[in-house]
Amino acid sequence: MNRQDEPHEPRTPPPEEAMVSVVVPVFNEEECLPELYERLREVLRTFAPESEMLFVDDGSTDRSFAVLSAFHEADGQVRVIRFVRNFGQQMAVSAGLRNARGKIVAILDADLQTPPEELPKLVAKLREGYDIVYGVRERRHDPLWRRLGSWAMSNLLYRVIGIQIPDAASNCVALDRRLVDNLNLYNERSRYFSGLFAWLSYGRHGGVPVRHQDRAAGQSKYRLTQLVTLTLNFVCNFSTIPLRLPLYLGVLLCLVGVVGAVVVAAELLAGYLWLPPEATAIISALAFLTGLQLFAVGLLGQYVGRIYTEVRQQPPYVVWEVLDHAHEAGTPPNTSGPADT
Ligand code: UDP
Ligand code: MG
């Protein structure tokens, strides 16, 4: 795999007057929403006259939806999508990205941990021609275990995808429309956006430092179990290493068994005992048989992995740009693998 530490040459940037969509996933944030809305509206008014706020209510059980409906009633820039139940932040962001109309799409949490006033910096950087710009939290206001988790995640991202992103867990990003369209080609339920961002932007990323504060109100909606699920989603979506582990372990154990058998045979032939032959024979046989079973499981895993890859129906390739006279005359290009077949 190519390592893509160095950002690529920036691409053609979106035009100055491009419409900006701000996607906000919301789960039980009724206390934060009024302040968020006021501040976000003010920020957008100053730097992006053509803009929209797209709130995705992820099955809130408090008054969040009522509050959002009131914003929608009063303000033509506000759109709201309400889920029937809670599907998780990744799905809320998915719905937002699918429905956003802007040429530039920013994602912002509802809890004001990243102030909306930081958005113009992100968008300005995106206009230099990046696929994605991350808000890099300089001093994170999160518990130590969350910060350690993010650090581990960044390293995992680097190992699995080969891209070092400036703040893997940042929920505050600005995206170019082309990256959004490409993200929308992915349909899997077990989604991990930081991984997809890194995978699809292929190093064409920028970062700007942003302030990070305590939640304006309420508590984090993430429990440890959800973070573990997210990490598993990421590892299993982007690599088949876990499926290969039993294969390697099986081979290793078989080798241990063979070496043990050779030792016992040599002892019997030489008539000299280094190790107790009965125990060595039993342990070697056990190791060999367990190794064989693990090997078989690992082999099955290779087929399961291939089935899994096919079932997910991910686009086998994703196109960034097309130079084609027919296309310029109005024929839309094929932008992903499946459309070709
Ligand atoms: N969120 C969501 N669905 C969920 C959990 C969270 O839409 O199931 C939203 C939440 O309202 C917030 C954002 O995702 O706007 C980030 O959540 P949170 O602040 O709890 O996460 P943390 O900052 O602790 O990572
Ligand atoms: Mg938060």
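The values are calculated or read from the model by the stated rules, or taken from the named source; none is laboratory data. Quick caveat: nothing in here was measured; it's all calculated off a predicted structure. Note that we place each Cβ from the backbone using ideal geometry, even for glycine, and neighbour counts take in every protein chain shown. The area values use the complete protein model at the heavy-atom level, side chains included, leaving out ligands, DNA and RNA. Shrake-Rupley method; radii C 1.70, N 1.55, O 1.52, S 1.80 Å.
Measuring nothing but protein heavy atoms, the accessible surface of the chain at 1.4 Å probe radius is 61 percent carbon and sulfur. One decimal place: the segment T240-L268 gains 5.7 nm when fully extended, by the rule 0.36 nm per residue minus the C-alpha distance. Using the Cβ-Cβ distance between T309 and N184 with R0 set to 30 Å, the FRET efficiency from 1/(1 + (r/R0)^6) comes to roughly 0.90. Rolled with a 1.4 Å probe across the full set of protein chains, the surface gives Y303 an accessible area near 150 Å².
Give the longest segment of the chain that steers clear of GluC sites (Glu not before Pro) in DSSP loops with at most 10 neighbouring Cβ atoms within 10 Å, not counting the sites themselves.
Here the longest segment lacking exposed loop sites spans 139-320.
For the pair E50 and L148 in one chain, pulling the backbone fully straight at 0.36 nm per residue adds 31.4 nm over the alpha carbon distance. Each Lys and Arg Cβ is given +1 and each Asp and Glu Cβ -1; about its Cα centre, the stretch 211-303 then shows a dipole of about 760 debye. Between helix 64-74 and the chain there is an angle of about 30 degrees, using the helix long axis and the longest principal axis of the Cα atoms.
So if we plug the beta-carbon distance of S220 and D75 into 1/(1 + (r/R0)^6) with R0 = 30 Å, what FRET efficiency do we get, rounded to 0.05?
Using R0 = 30 Å, I get an efficiency of 0.60.
Our helix-only sum for the chain, with -39,500 (n - 2.57) per DSSP H run of n ≥ 4 divided by its residues, gives a mean residue ellipticity at 222 nm of -16000 deg cm²/dmol.
Measuring only protein heavy atoms, the 1.4 Å probe finds L253 accessible over about 50 Å².
When H141, H325 are compared by accessible surface with a 1.4 Å probe, the order from highest to lowest is H325, H141.
Partner aspartates and glutamates whose Cα lies under 19 Å from the Cα of K125, excluding those fewer than 8 positions away in the same chain, are identified as D5, E6, E9, E16, E17, E50, E117, E138, D167, D176. The label point for V322 and the one for N86, both projected 7 Å from the Cα toward the Cβ, are 4.2 nm apart. Out of A100, A266, A285, any idea which swings most in a Gaussian network model of the chain, alpha carbons joined below 10 Å? Evaluated over the chain, the most mobile residue of the options is A266.
Computed from point charges on the beta carbon alone (+1 for Lys and Arg, -1 for Asp and Glu), the dipole magnitude for the chain about its Cα centre is near 600 Debye. Here T225 sits with roughly 90 square angstrom of accessible surface, probe radius 1.4 Å.
Rank these residues by their accessible area, most exposed first, probe 1.4 Å: L255, L157.
Working: L255 100, L157 0 Å².
Largest to smallest exposure gives the sequence L255, L157.
On the basis of the beta-carbon distance and an R0 of 41 Å, R101 and N155 show a calculated FRET efficiency of 0.70.
Counting heavy atoms of the protein chains only and a 1.4 Å probe, report the per residue accessible area for the chain as a whole number of Å². Show your work: numbers first, answer last.
Details: 18200 Å² over 341 residues.
The answer is 53 Å² per residue.
Evaluate the charge dipole of the stretch 47-178 about its Cα centre and quote only its size in Debye, nearest 20, assuming +1 on the Cβ of each Lys and Arg and -1 on the Cβ of each Asp and Glu. Walk me through the numbers before you get to the answer.
Values: 18 positive and 17 negative charges, 89 e Å.
Dipole magnitude for the stretch 47-178 comes out near 420 debye.
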